[in-house]
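For reference, the structure is listed below as structure tokens.
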Number of protein chains: 2
Amino acid sequence: MTGGGDSRGPITDPAGVAALLRFSRQRGFAGVAADSTPGFSGKKADGRRAQDDDAGLIRSAQERLHAHALRPEGGRRALILVLQGRDASGKGGIIRHLSGAVGPHGLQTWAFGVPTEEEAAHHFLWRIQRRVPAWGRIAAFDRSQYEDILAVRMHGLAPRSVWEGRYDTIIDFENGLAASGVDVVKVMLTVSQEEQAERLRERITRPDKAWKHAASDLADRRRWHEYTQAFEDVLVRTDSDASPWYVVPSDRKWYARWAVGRILLHHLESMDLDWPAADFDPMAAEAELDAATALIACD
Amino acid sequence: MTGGGDSRGPITDPAGVAALLRFSRQRGFAGVAADSTPGFSGKKADGRRAQDDDAGLIRSAQERLHAHALRPEGGRRALILVLQGRDASGKGGIIRHLSGAVGPHGLQTWAFGVPTEEEAAHHFLWRIQRRVPAWGRIAAFDRSQYEDILAVRMHGLAPRSVWEGRYDTIIDFENGLAASGVDVVKVMLTVSQEEQAERLRERITRPDKAWKHAASDLADRRRWHEYTQAFEDVLVRTDSDASPWYVVPSDRKWYARWAVGRILLHHLESMDLDWPAADFDPMAAEAELDAATALIACD
């Protein structure tokens with residue numbers, strides 16, 4: 001322990017955090033400790049402060065992305081942030097945090113639950129493709145195209161040959177997006193058995209959480225290891241440099257929120273976008289502003 | 001000045017803040033001082049803290065709304081928050097703040113700018129009607145149906161007889177929503193000439209804000225008093241107890257964010273929704289959770 005007031009330990013830069021959390025075949029999904037905090041040595045209060053600090057950076061990076069998209073000559077870019085994870089792993093809280101940082105115009109959020117009748121009447125990527133963000137925007141996917149492998153496999157909704165084929169279909173889809181300027185950044189949250197039990201128990205016992213309880217969550221929990229295997233398979237088969245997977249420890253909500261923010265920041269910074277030059281004459285515009293001010297006063 | 005650490009002065013309850021800010025014909029729009037802070041006696045840092053405190057309350061109130069909507073027997077309610085105001089009055093910041101509190105699932109945001117080709121090919125309420133939120137949700141409208149009076153009037157996009165007729169059309173529309181369970185809460189922000197000048201100047205002179213600059217903002221600023229009159233007319237002709245207007249002073253961004261949060265809180269609390277009783281047996285569910293836990297350990 002060092003003495004002194006504000007020190008919160010070294011903060012790892014976005015690229016460093018992303019490198020630490022990038023999926024690795026050697027370690028696998030199961031090899032990431034859900035209660036660890038890679039790249040962050042502080043405690044909860046420090047994490048909260050770091051989150052607040054990052055909110056401004058993330059917002060500014062999204063605005064640069066947007067400002068570029070407004071220009072006809074600008075490199076047109078967008079980003080999809082995929083969030084997957086077990087029930088109660090904290091996807092919603094992460095999205096809420098990012099939305100507070102960026103604002104809903106910059107960060108559009110789409111949840112992909114059980115397909116609606118209309119969605120089910122189309123090929124599985126149809127509902128995903130229509131949510132690809134416009135240039136300059138970020139879309140957060142609360143569950144995603146990967147449910148069409150994971151949920152379908154786990155609940156036997158289609159034969160193995162169907163969902164097996166989707167690994168490659170999804171890779172092709174994501175490669176096409178990346179080639180067109182839409183980055184796909186994928187986050188798999190990992191929560192421990194103990195922490196999930198605590199969160200599910202809250203939903204059972206607290207009147208203000210009961211509406212979140214779903215019997216299916218308990219049924220899914222019984223198949224913990226099967227899910228682990230299904231996650232491993234998705235990660236191994238669909239991780240790529242073009243559309244990378246990250247495994248984010250989520251037992252500490254503050255850490256998961258900070259870490260996903262840093263990963264997002266890393267990808268936005270990697271686009272290397274500057275503020276575009278003004279497409280107007282600032283001196284003339286200021287003169288016009290002053291003229292308007294003088295005019296109002298005379299009315 | 002009182003001494004002592006944490007005191008932030010008396011905080012007015014949501015109903016009290018709403019009452020203070022409710023549009024009044026006597027005072028009018030122009031009679032509300034843009035740099036005032038009705039109902040709040042603290043300073044900026046206090047305002048920020050109060051905002052953070054309210055975030056949890058707003059979120060909880062929205063979750064109660066949502067929990068009710070999930071029940072077939074539940075009273076089905078939803079809410080539209082309309083935000084109007086001059087350029088740079090801070091609509092975006094307020095929405096970002098609320099979105100961080102509630103999350104994007106609970107608060108859907110729609111911006112109504114210049115109508116798209118598809119929108120313009122329909123009657124003026126078409127684009128509004130399709131954004132009416134689902135039961136249990138809140139929709140924030142960044143500009144709204146009122147642009148079809150304000151922008152049309154100010155820019156001469158249609159004859160007076162057209163936009164004059166829309167006051168009543170909008171009142172009928174809003175009455176229909178209120179009668180069906182969708183509250184429409186309307187906020188008109190007011191910013192002073194001086195503060196608007198400062199914010200527009202930033203957009204002109206700062207490289208990271210230049211993308212927000214629009215020459216039309218300066219042209220609109222020249223017509224400050226005409227806009228004031230147009231706002232007065234909208235407020236007088238479309239304020240009602242069913243769909244009330246509030247005039248929120250917005251020179252201090254922290255105040256406007258806090259005040260709009262309190263108004264929203266007031267309307268959510270007025271719905272008087274409790275947490276619905278669990279539709280499952282908590283003891284049986286807990287036993288099932290424990291059984292799942294035991295099962296995982298054996299695998």
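Summary of values
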{"item": "Complete set of residues in the stretch B:232-253 that are buried (at least 22 other Cβ atoms within 10 Å of the Cβ) and either within 18 Å of B:Ala140 (Cα to Cα) or among the aromatic types (Phe, Trp, Tyr) (or both)", "result": "B:Trp245, B:Tyr246, B:Val247, B:Val248, B:Ser250"}
{"item": "Verdict on A:Asp87 being closer than 13 Å to A:Leu189 by Cα, under 17 Å from the mean Cα position of the chain (by Cα) and of a type outside the set (Lys, Arg)", "result": "yes"}
{"item": "Of the criteria (1) surrounded by fewer than 20 Cβ atoms within 10 Å (Cβ to Cβ); (2) closer than 15 Å to A:Ile80 by Cβ, which one A:Met154 fails", "result": "(2)"}
{"item": "Residues of the stretch A:266-275 that turn out to be at pLDDT 90 or above and within 11 Å of chain B (Cβ to nearest Cβ), as a count", "result": "1"}
{"item": "Per-region count, the stretch B:93-138, residues under 28 Å from B:Tyr227 (Cα atoms), touching a Leu at 6+ places or on another chain (Cβ under 9 Å) and surrounded by fewer than 20 Cβ atoms within 10 Å (Cβ to Cβ)", "result": "1"}
{"item": "Some residue of the stretch B:256-277 being among the aromatic types (Phe, Trp, Tyr) and under 17 Å from the mean Cα position of the chain (by Cα)", "result": "yes"}
{"item": "Residue identified as in contact with a strand residue (DSSP E or B) (Cβ under 7 Å, 6 or more places away or on another chain) and more than 9 Å from chain B (Cβ to nearest Cβ) among A:Phe124, A:Phe141", "result": "A:Phe141"}
{"item": "Restricting the stretch A:276-299 to residues that are without any contact (Cβ under 8 Å) to a residue 40 or more places away in the chain and either more than 14 Å from every other protein chain (Cβ to nearest Cβ) or in a loop (DSSP other than H, G, I, E, B) (or both), the residue that is nearest to A:Ser180 (Cα to Cα)", "result": "A:Ala277"}
{"item": "Residues of the stretch B:18-29 classified as farther than 21 Å from B:Leu264 by Cα and surrounded by 14 or more Cβ atoms within 10 Å (Cβ to Cβ), total", "result": "1"}
{"item": "Number of positions in the stretch A:197-233 that are touching a residue at least 40 places away in the same chain (Cβ under 8 Å), within 14 Å of B:Glu286 (Cβ to Cβ) and more than 8 Å from every other protein chain (Cβ to nearest Cβ)", "result": "3"}
{"item": "Test set (1) crowded, with 20+ Cβ neighbours inside 10 Å; (2) touching a Gly at 6+ places or on another chain (Cβ under 8 Å); (3) under 23 Å from A:Arg153 (Cα atoms) - A:Arg166 fails condition number", "result": "(2)"}
{"item": "Residue in the stretch B:86-97 that is under 25 Å from A:Gly100 (Cα atoms), aliphatic (A, V, I, L, M) and more than 9 Å from every other protein chain (Cβ to nearest Cβ) present", "result": "yes"}
{"item": "Boolean, B:Ala15 is at pLDDT 95 or above, of a type in the set (Gly, Ala, Ser) and under 20 Å from the mean Cα position of the chain (by Cα)", "result": "yes"}
{"item": "The one condition in (1) free of Cβ contacts under 8 Å to residues at least 40 places away in the same chain; (2) aromatic (Phe, Trp, Tyr); (3) within 14 Å of A:Ile80 (Cα to Cα) that A:Trp126 fails to fulfil", "result": "(3)"}
{"item": "Counted residues, the stretch B:38-49 - those being of a type outside the set (Phe, Trp, Tyr), buried (at least 19 other Cβ atoms within 10 Å of the Cβ) and either touching a residue at least 60 places away in the same chain (Cβ under 8 Å) or in contact with a Cys (Cβ under 6 Å, 6 or more places away or on another chain) (or both)", "result": "2"}
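Residues are listed down the side, and each one gets a yes or a no for (1) among the aliphatic types (A, V, I, L, M); (2) at pLDDT 95 or above; (3) in contact with a Lys or Arg (Cβ under 7 Å, 6 or more places away or on another chain):
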site: B:Gly74; (1), (2), (3): no, no, no
site: B:Gly90; (1), (2), (3): no, yes, yes
site: B:Val102; (1), (2), (3): yes, no, yes
site: B:Glu119; (1), (2), (3): no, yes, yes
site: B:Trp126; (1), (2), (3): no, yes, no
site: B:Arg153; (1), (2), (3): no, yes, no
site: B:Arg166; (1), (2), (3): no, yes, no
site: B:Asp172; (1), (2), (3): no, yes, no
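The values are calculated or read from the model by the stated rules, or taken from the named source; none is laboratory data. All of these numbers come straight from a predicted model, not from anything done at the bench. Positions of Cβ are backbone-derived with ideal geometry, glycine not excepted, and every protein chain shown enters the neighbour counts.
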